[in-house]
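The values are calculated or read from the model by the stated rules, or taken from the named source; none is laboratory data. None of these values were measured; they are calculated from a predicted model. A quick note on method: Cβ atoms are made from the backbone with ideal geometry, for glycine too, and the neighbour counts reach across all protein chains shown. When the accessible area is computed, the model is the full protein with side chains, heavy atoms only, and any ligands, DNA or RNA have been set aside. Shrake-Rupley method; radii C 1.70, N 1.55, O 1.52, S 1.80 Å.
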Amino acid sequence: MTPAIEFSNVSRVYGDVRAVDQVSLQIASGEFFAMLGPSGSGKTTCLRLIAGFDLPDGGQILLDGDDVTDRPPYARDVNTVFQDYALFPHMNVLENVAYGLRVRKVSGNEQRRRTMEMLELVKLSALAQRRPSQLSGGQRQRVSLARALINRPRVLLLDEPLGALDLKLREEMQIELKNLQRQLGITFVFVTHDQGEALSMADRVAVFNQGKVEQLDTPRILYTRPATAFVARFVGSANVAGRELAQALTGSAQPFAIRAEKIRVQSAGSAPQPGTIHCNGTLIDVQYHGAISRYQVQLASGDLFAAAVSNHAETQHSAIGSQVTLHWSASDAVPLAGEPG
Ligand code: ADP
Ligand code: MG
């Protein structure tokens, strides 16, 4: 099937910053696709290139197989939801949502019908007469979503749309957004710096680092098989052993990642289980997280490793400053490409 969006070797350079650096990727029609990465990694620039607000310095952008590389925004079947909502303050909810239809000169009856339907979909029917200033953050974000969807674009671009909401509301909106996307079957490209958000919502995730895609995979594969140290650390903050530490621990210089929840902690001196990789260190901090506690352990090499310890009634926690032994199964270590920085 023709991808909804295709980048081939797309670059955008600002002065000496390679904001987007030779990116190639394909997004399937109807996919919930996340672009994940730290601030400044090129996510927003990618969205702007898809929308046509910005043009690439090199490469090609296809939408549904059509080369749109040099087309203006209005000639692309794409709409955008911004983090700051960008609503018209002097219009009520209904007028804000109907705006896109008015511009397209859709008839009055049709406008009303489609606007009401859209308000229903985002659960705002009861608030149709309110001004944006009379709405909560979550409600405003719903208006901006409805306004972007009213023209039924084939692709919806969302740039950190939940970033301004508090945690509980953000989690509710994550579920609603996901349901909405399923219902409508529209391709969503969702930008976030929050790895939990990307993993929980997306069908596939592209992890950005300095304008490049480090890895593009399903959430499960990103988490269980990170390809690089950057991905291992950024997605779920895994422990990473570079060449030197790997050599000392395993006898091989192959860099690897090991998840905190795969590491067991024993007090130093007790015999490690046979067949496991183990190392000694000093417990320097314990952070309580409810179901688990996170141990920060300084290894003899100076590296810091984290281990997740389940909090059962019978859990005996080690004292800060004490010597502990970490051990894990060799099969839980994930080999990484390149030398970790
Ligand atoms: P993200 O959305 O991942 O935070 P951006 O795509 O906004 O990252 O930015 C990527 C890089 O490009 C950053 O270094 C940023 O400073 C730079 N950049 C983005 N837009 C411009 C611009 N209009 N002029 C100059 N530099 C820019
Ligand atoms: Mg951004």
Region 34-56, subset open to solvent by 20 Å² or more (accessible area, probe 1.4 Å) and more than 17 Å from Pro73 (Cα to Cα), residue farthest from ligand 1 (Cβ to nearest atom) = Pro38
Selected residue [under 30 Å from Gln134 (Cα atoms) and either open to solvent by less than 60 Å² (accessible area, probe 1.4 Å) or within 16 Å of ligand 1 (Cβ to nearest atom) (or both)] from Gln83, Gln22 = Gln83
Going by the conditions given, is Val10 assigned by TED's automatic domain parsing to the domain that holds Gln174, more than 16 Å from ligand 1 (Cβ to nearest atom), at pLDDT 95 or above and open to solvent by less than 10 Å² (accessible area, probe 1.4 Å)?
-> no
Out of the residues in region 302-331 that are surrounded by 15 or more Cβ atoms within 10 Å (Cβ to Cβ) and either small (Gly, Ala, Ser) or not assigned by TED's automatic domain parsing to the domain that holds Ser270 (or both), state the one that is nearest to Thr276 (Cα to Cα).
-> Ala307
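With modelled with pLDDT under 95 and in the same structural domain as Gly42 (by TED's automatic domain parsing) as the only criterion, which of Leu169, Leu222 stands out?
Working: Leu222 fails: modelled with pLDDT under 95.
Answer to the check: Leu169.
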Across region 97-151, which residue is most open to solvent (accessible area, probe 1.4 Å) among those that are outside any helix (DSSP H, G or I) and in contact with a Gly (Cβ under 7 Å, 6 or more places away or on another chain)?
-> Asn151
Residues of region 1-16 classified as touching a residue at least 24 places away in the same chain (Cβ under 8 Å) and within 16 Å of ligand 2 (Cβ to nearest atom), total = 1
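Which one of these is surrounded by 19 or more Cβ atoms within 10 Å (Cβ to Cβ) and within 13 Å of the chain's Cα centre (by Cα): Val155, Val213?
Val213
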Gly281, sole failed condition from (1) within 28 Å of the chain's Cα centre (by Cα); (2) touching a residue at least 40 places away in the same chain (Cβ under 8 Å) = (1)
Looking at region 32-45, is at least one residue in contact with a strand residue (DSSP E or B) (Cβ under 7 Å, 6 or more places away or on another chain), outside any helix (DSSP H, G or I) and modelled with pLDDT under 95?
-> no
Return the total of residues in region 1-54 being farther than 25 Å from Arg182 by Cα, among the small types (Gly, Ala, Ser) and in contact with a helix residue (DSSP H, G or I) (Cβ under 6 Å, 6 or more places away or on another chain).
-> 2
Can you find even one residue in region 66-87 that is more than 15 Å from Ile5 (Cα to Cα), more than 16 Å from ligand 2 (Cβ to nearest atom) and touching a helix residue (DSSP H, G or I) at 6+ places or on another chain (Cβ under 9 Å)?
-> yes
Identify all residues within region 279-301 that are more than 17 Å from Glu261 (Cβ to Cβ), of a type in the set (Val, Ile, Thr) and surrounded by 15 or more Cβ atoms within 10 Å (Cβ to Cβ); write none if there are none.
-> Thr282
